[in-house]
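Notes follow once the structure below has been shown.
Since every read-out is calculated from the coordinates, none of them should be taken as a lab result. Note that this is a predicted model, so its numbers are computed, not measured. For neighbour counting, all protein chains shown are included, and Cβ atoms are generated from backbone atoms with ideal geometry for every residue, glycine included.
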Amino acid sequence: MSPHPPLIPTAPRPLQLIIALGRALQALEQVVGPHLVQHGLSLNRVLPVLEVLHHKGPLRLGEIRDRILLTGASTTYVVKKLEERGVDATAGMRRGFARGVRRAERRRAGR
């Protein structure tokens, strides 16, 4: 017998796990949600970005966008807000990429 009583005694185990995850997400939203709102963010936009960064480390904005279900503008907004709060999401790669593009454009223009 399991050391923890089931959430719904008659429900199958997978359903019990889904219910437990839903309750955990609600609790997380209650605790973290108000802090995110102060910074113009929401848990359903921040959590996927943090998850991909946790598993893959700093990435380019396009790589983050390709791995999650947010539009390009939303990804940029979330990453910018996270970086303002000290999260090293792109490890400066965004700026380095932009500088490289500008240099290449100048070379083509003969400057």
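Give me the distance in nm between label points sitting 7 Å out from Cα along the Cα-to-Cβ direction at Arg60 and Leu28, one decimal.
2.9 nm
Would you mind computing, in nm to one decimal, how far apart the modelled labels at Gln38 and Ala91 are, each placed 7 Å from Cα along Cα→Cβ?
3.1 nm
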